[in-house]
């Protein structure tokens, strides 16, 4: 005859995070045929940059080391502008009202300029930190 023993109470595990972790990512489990994986998701890292008549706003951008940086540039001025990073081979032309997006992975300190208005001081910089 067996004597019933009392098992220690288990911690309740409820909520979507437990369900996702347990059902989608088991050790040794393969990704579904669609090719997605929870490990591939990264928060979007980006910034909006305004190109106006003879200035960029913001003039200084900070980026994380080794992380891609997406920059959405919008020409809010009345004249054409460029977003040029010579050291990275980036040269984007924007007509008034036009918007463009570039993704870069900068290192160190990187200068960006408007080639058309460099003499007017239309410059900025991206500083990469830890």
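Based on what the data block shows, is residue 103 part of a loop (DSSP other than H, G, I, E, B), modelled with pLDDT of 95 or more and at negative phi?
Working: part of a loop (DSSP other than H, G, I, E, B): no; modelled with pLDDT of 95 or more: yes; at negative phi: yes.
When the stated conditions are applied, residue 103 does not pass them.
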- Look at residue 123 and say whether it is surrounded by fewer than 17 Cβ atoms within 10 Å (Cβ to Cβ) and modelled with pLDDT of 95 or more. yes
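Quick one: would you say residue 70 is in a strand (DSSP E or B) and touching a strand residue (DSSP E or B) at 6+ places or on another chain (Cβ under 7 Å)? Please lay out each step first, then the result.
On the way: in a strand (DSSP E or B): yes; touching a strand residue (DSSP E or B) at 6+ places or on another chain (Cβ under 7 Å): yes.
Spelling it out, residue 70 is indeed in a strand (DSSP E or B) and touching a strand residue (DSSP E or B) at 6+ places or on another chain (Cβ under 7 Å).
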- Query: Mind checking whether some residue in segment 92-99 is within 15 Å of residue 125 (Cα to Cα) and modelled with pLDDT of 95 or more?
  - Reply: no
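Within segment 73-91, work out how many residues are over 19 Å from residue 110 (Cα atoms) and not in a loop (DSSP other than H, G, I, E, B).
First, the residues of segment 73-91 that are over 19 Å from residue 110 (Cα atoms): 74-80.
Cutting the leftovers down to not in a loop (DSSP other than H, G, I, E, B) gives us 74-75.
Looking only at that region, the number is 2.
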- Note on the structure: When residue 31 is run through (1) touching a helix residue (DSSP H, G or I) at 6+ places or on another chain (Cβ under 6 Å); (2) at pLDDT below 95, the failure sits at (1)
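The values are calculated or read from the model by the stated rules, or taken from the named source; none is laboratory data. Since the structure is predicted, the reported quantities are computational estimates derived from the model, not experimental observations. Glycine gets a Cβ as well: all are built from the backbone with ideal geometry, and neighbour counts include every protein chain shown.
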